[in-house]
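Quick notes on the structure that follows.
The values are calculated or read from the model by the stated rules, or taken from the named source; none is laboratory data. Bear in mind the structure is a predicted one, so any value in this text is a computation, not a measurement. Quick reminder, even Gly has a Cβ in these numbers, built from the backbone with ideal geometry, and neighbours come from all protein chains shown. These accessible areas exclude ligands, DNA and RNA; they are computed on the full protein's heavy atoms, side chains included. Shrake-Rupley method; radii C 1.70, N 1.55, O 1.52, S 1.80 Å.
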Amino acid sequence: MLDYDAEAARYDATRGGVPRAEAAARAVLELLPPEAETLLDLGCGTGLVTSHITRPGLRVLGLDASPGMARLARDRLEHRVLLGDGRALPFADASLDAVCSVWLFHLIPGVPEAIAECARVLRPGGVLITTVDKDAAHGHDDVGRVLAPYRRHPARDRAGLVVACGGRHGLRLAAETVFTGHGQGRSPLRAVELVEAGYLAVGAADVGALKERLAALPDPSVPRPDPVYRLVCLRRA
């Protein structure tokens with residue numbers, strides 16, 4: 001797994017930057033109830049997506065477990081960012097109208113515990129908006145097929161798991177949408193860089209062979225098509 005403290009300074013530039021963040025934020029706002037006044041961006045990272053989740057009357061907070069990420073997010077969000085664990089949110093019961101989580105659940109252990117915490121802090125009628133099946137969105141090209149055996153199976157953020165966990169805590173699937181991950185279509189050479197950075201859990205004995213397979217793909221410097229991500233909205237009864 002990546003060292004997100006070390007990755008923070010270059011994270012946005014290597015993850016699609018503002019176009020990707022704006023697309024994600026628009027999708028969150030599409031699913032956000034019009035009456036919502038408070039939103040927590042769980043796993044806010046550098047705060048780039050968070051800073052684009054804006055509309056009149058909406059107060060947005062961020063939370064991240066990485067000190068390096070949270071430090072950058074505080075600069076963007078005027079210090080409305082907390083350092084913390086999504087499995088133990090520093091908020092009272094039924095104190096928020098919405099929680100969003102973009103590109104987080106595929107990474108973290110304890111997704112059921114995090115969903116339980118999100119449900120706890122939501123008011124009746126509040127919503128959890130989260131991406132699901134992230135890795136599956138990257139599996140439709142030659143680079144994705146080469147990387148597929150090294151991804152986590154089953155995925156931590158698979159839609160069925162997220163919806164089922166939500167259901168155990170009073171959250172019901174209410175809506176969903178999709179958005180384009182601008183700048184996330186990976187070339188074979190970019191995939192090699194991600195393998196070297198520890199983005200995938202690849203054993204030391206497999207790294208060399210995987211890099212060779214990626215480097216042997218055609219057009220090694222050409223990014224593949226951008227993935228399309230799925231975002232679901234779970235509403236608390």
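How much of the accessible area of the range 94-185, in percent, comes from carbon and sulfur atoms when a 1.4 Å probe is used?
On the way: 1990 of 3440 Å².
Solvent-exposed carbon and sulfur of the range 94-185 make up 58 percent of the total.
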Rounded percent of accessible protein surface that carbon and sulfur make up, the range 1-82, 1.4 Å probe: 52
Highest average packing first - 32-43, 219-230, Cβ atoms within 10 Å: 32-43, 219-230
Lys/Arg +1, Asp/Glu -1 at C-beta; the chain dipole; positive extreme among Gly84, Ala164, Gly185: Ala164
Spin-label proximity, Ser221 to the range 190-206 - amide N less than 13 Å from point 7 Å beyond Cα toward beta carbon: 190
Mean accessible surface per residue for the chain, computed with a 1.4 Å probe while every protein chain stays in place, in Å²: 45
Ala237/Arg152 FRET efficiency (R0 22 Å; Cβ-Cβ; nearest 0.05): 0.10
Helical contribution to [θ] at 222 nm, DSSP H n ≥ 4, -39,500 (n - 2.57), averaged over the chain, rounded to 500: -10000 deg cm²/dmol
Cα centre as origin, Lys/Arg/Asp/Glu Cβ charges: the range 7-105 dipole, Debye: 320
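Report the full-extension gain for the segment Arg59 to Glu113: residue separation times 0.36 nm, less the Cα-Cα distance, to one decimal in nm. Don't skip to the answer; put the middle values down first.
Details: separation 54, 0.36 × 54 = 19.44 nm, distance 2.50 nm.
Residue separation times 0.36 nm, minus the Cα-Cα distance, leaves 16.9 nm.
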